[in-house]
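A.B. asks: What follows is a single structure, and I will ask about it in a moment.
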Amino acid sequence: MIDSHQHFWKLADRGGAWPPLDLAAIYRDFEPADILPHLTQWGVQGTVLVQTLQTNAETGYMLNLADRHDFILGVVGWVDLKATNASAEIKRLATHPKLKGLRPMLQDLADDHWIDDASLELAIRAMLDCNLSFDALVKPQHLPALLRFAQRFPNLSIVIDHAAKPLIAAQKLQPWADDMRALAALPNVWCKLSGMLTEGGKFALAAGLAPYVEIVVNAFGPARLMWGSDWPVLNLVSDYAAWL
């Protein structure tokens, strides 16, 4: 079994970026030694380490960890995809065998349509040349633009993180459900079952999640779904064993 989505960080390297002090459960350093007991206990054979900062330095930090720890099977890093040197930076990073994908933090950008922009063309072509996937950190309002992006690049493997963070706490299915079905109709789009408990509020139980899980399972099928812990963010509401 593979955990498709987890994080490490050192607070000293984050320059005051998220997480804030009031999130006591995750306001500390998280490094490989912290997750290994969970992986060993549950027979998880490896993980994919995913970025949390929009910096080149963090991508370097993650690749360095991957060099030293065999259980880190892949890294999803970050590049400024609209920078003039984006293509060169992508090709440089892709020489590392454990770099598997890139993730712009779309949920944090002011423009919900940032991804639906022709200026991304050269960077995406470089990703395709290097056989990198695209992690889509999105919320429901980003899905129409993501659909147009996915249609424009049918050969790009796109992975929707956290099932696009549906409004589970509000028990609202639409228009998220229809938008996810439209994306699932494209063969180049995958989805992670991850991060859902932190969206659940008082509905962060099996019964509350069930309608959302059922939609993505029926839309994507098991071959295009992957499980991720979103550890240690998961610690805000639950723990590794409970989510697994």
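The values are calculated or read from the model by the stated rules, or taken from the named source; none is laboratory data. On a predicted model such as this, the values are computed, not experimentally measured, just so you know. For neighbour counting, all protein chains shown are included, and Cβ atoms are generated from backbone atoms with ideal geometry for every residue, glycine included. Quick note on the areas: whole protein, heavy atoms, side chains included, nothing else; ligands and nucleic acids left out. Shrake-Rupley method; radii C 1.70, N 1.55, O 1.52, S 1.80 Å.
A.B. asks: Within segment 193-206, work out how many residues are among the small types (G, A, S), in a helix (DSSP H, G or I) and within 18 Å of V138 (Cβ to Cβ).
C.D. replies: So the count comes out to 0.
A.B. asks: For segment 207-241, which residues satisfy the criterion of being over 24 Å from V189 (Cβ atoms), open to solvent by 20 Å² or more (accessible area, probe 1.4 Å), in contact (Cβ under 8 Å) with a residue 12 or more places away in the chain and in a helix (DSSP H, G or I)?
C.D. replies: N235, L236, A241, listed by residue number.
A.B. asks: Can I ask one more? Could you list all residues from segment 71-112 that are open to solvent by 40 Å² or more (accessible area, probe 1.4 Å), within 16 Å of A145 (Cβ to Cβ) and either touching a residue at least 24 places away in the same chain (Cβ under 8 Å) or not in a loop (DSSP other than H, G, I, E, B) (or both)?
C.D. replies: K82, Q107, D108, D112 - these are the residues of segment 71-112 that are open to solvent by 40 Å² or more (accessible area, probe 1.4 Å), within 16 Å of A145 (Cβ to Cβ) and either touching a residue at least 24 places away in the same chain (Cβ under 8 Å) or not in a loop (DSSP other than H, G, I, E, B) (or both).
A.B. asks: Condition first: crowded, with 23+ Cβ neighbours inside 10 Å and either hydroxyl-bearing (S, T, Y) or assigned to a helix (DSSP H, G or I) (or both). Now tell me which residues in segment 151-176 satisfy that.
C.D. replies: D161, H162, A163, A164
A.B. asks: Here is a further query. Restricting to segment 39-64, give me the number of residues that are over 15 Å from the mean Cα position of the chain (by Cα), open to solvent by less than 50 Å² (accessible area, probe 1.4 Å) and farther than 23 Å from L109 by Cβ.
C.D. replies: 5
A.B. asks: Working only within segment 127-137, note down all residues that are surrounded by fewer than 22 Cβ atoms within 10 Å (Cβ to Cβ), in a helix (DSSP H, G or I) and in contact with a helix residue (DSSP H, G or I) (Cβ under 8 Å, 6 or more places away or on another chain).
C.D. replies: D129
A.B. asks: Here's a check for you: in segment 192-205, which residue that is more than 10 Å from V216 (Cβ to Cβ) and without any contact (Cβ under 8 Å) to a residue 40 or more places away in the chain is surrounded by the most Cβ atoms within 10 Å (Cβ to Cβ)?
C.D. replies: Taking the candidates together, the pick is E199.
A.B. asks: Within segment 180-191, is there a residue that is assigned to a helix (DSSP H, G or I), surrounded by fewer than 19 Cβ atoms within 10 Å (Cβ to Cβ) and on the phi < 0 side of the Ramachandran plot?
C.D. replies: Among the residues of segment 180-191, at least one is assigned to a helix (DSSP H, G or I), surrounded by fewer than 19 Cβ atoms within 10 Å (Cβ to Cβ) and on the phi < 0 side of the Ramachandran plot, which makes the answer yes.
A.B. asks: Now, a different point. Condition test on L143, is it under 25 Å from K10 (Cβ atoms) and open to solvent by less than 30 Å² (accessible area, probe 1.4 Å)?
C.D. replies: When the stated conditions are applied, L143 does not pass them.
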